[in-house]
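This report refers to the structure that appears directly beneath it.
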Amino acid sequence: MGNFVSLNQARGMATGSFVVNFAAQMYGMLTKPNMKDVADMNHYAFSPNPWFIAGFFSVQVVIQAMWIRELFAMREFADPTLVSPQDAELRTTTLAYAPIYALGNLCIAAWMLFWLRGDFGWSQVFVTINSFAQLAAITVLPGLRGVPHTATRANVLLHLVAKMFAGIGVLDFLDNGAVFLKYSTPNGVVQTLTAGLFIALGLVSDPIFGACLIYDLVGLSVGQSGRWARELGWFAGATGVAVIMKGLLSINTRRGTVGLP
């Protein structure tokens, strides 16, 4: 995941893909049947409360727009030898992530079109590409691992954009997958795997991605009913504990009080 694009190319692909995805989401909300109508007709084991998705999308759009604005505020380096290591890392990470961000937007736009048609096989293909691409980005790109190394506006927004995209990607993958499989009653194995997945991700996540995982589970809990809804609520609590534990261990590691990798 090296830097294969220039700053101008990053600006163009980020802005263009943002507009395409935003237009697709607006179309999905305004057409009939709209995305919520399709979701209501296909409510399965991992279907979240649709208003949680709408709320997340609203915040996500604002943060992404703010990040794109930072892209246009970023300047070309006149003399690379005079650039601080922090600024160099931010530039490297931004240019490496921009194509992944653009890919994600285009995949989610395509997902919307297939979702509205009820073609859940193809919608699963695109949501899977996006979910794994975003998870790979926050795992492989050094500048996106853990908490932001510098608290600059551009760096914090970059982390928010990437980790929110990855966080909602986990939910999208499970939601569409259950719809595609028409899976409505999770058995004990699936329940255990769900808890294990989220807790394991919580143990290796930073606070931003961890908060998104908890939000996913709360949205699922509110969207479900009965015992499964209660269990999802417990999973959210357990994942929250895992995220807090990871955060505390990370603080201790930075202070040199414990020898963790």
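The values are calculated or read from the model by the stated rules, or taken from the named source; none is laboratory data. Computed from a prediction, not measured in an experiment: that's the story for all the values here. Note that we place each Cβ from the backbone using ideal geometry, even for glycine, and neighbour counts take in every protein chain shown.
Please work out if residue 219 is surrounded by fewer than 20 Cβ atoms within 10 Å (Cβ to Cβ), within 20 Å of the chain's Cα centre (by Cα) and either modelled with pLDDT of 95 or more or closer than 21 Å to residue 160 by Cβ (or both). Judged against the criteria, residue 219 is not a match.
Selection within segment 156-200: residues that are at pLDDT 95 or above and among the polar types (S, T, N, Q). The member of this set that is nearest to residue 103 (Cα to Cα) is 176.
Selection of first residues in segment 163-180 that are part of a helix (DSSP H, G or I) and of second residues that are charged (D, E, K, R), restricted to Cβ pairs under 7 Å at least 6 apart or on distinct chains, gives the following pairs, ordered by first then second residue: 167/216; 170/216; 171/216.
Here residue 113 meets each of (1) surrounded by fewer than 14 Cβ atoms within 10 Å (Cβ to Cβ); (2) in a helix (DSSP H, G or I) with one exception, condition (1). All but one of (1) in contact (Cβ under 8 Å) with a residue 40 or more places away in the chain; (2) surrounded by fewer than 15 Cβ atoms within 10 Å (Cβ to Cβ); (3) more than 20 Å from the chain's Cα centre (by Cα) hold for residue 30; which doesn't? Checking residue 30 against (1) in contact (Cβ under 8 Å) with a residue 40 or more places away in the chain; (2) surrounded by fewer than 15 Cβ atoms within 10 Å (Cβ to Cβ); (3) more than 20 Å from the chain's Cα centre (by Cα), the one that fails is (1). Among residues that are crowded, with 19+ Cβ neighbours inside 10 Å, out of contact with any Ser or Thr (no Cβ under 7 Å at 6 or more places or on another chain) and over 30 Å from residue 31 (Cα atoms), residue 159 is included.
Take the residues in segment 181-199 that are of a type in the set (Gly, Ala, Ser) and in contact (Cβ under 8 Å) with a residue 24 or more places away in the chain, then tell me which one is farthest from residue 159 (Cα to Cα). Going through the qualifying residues, I end up with 184.
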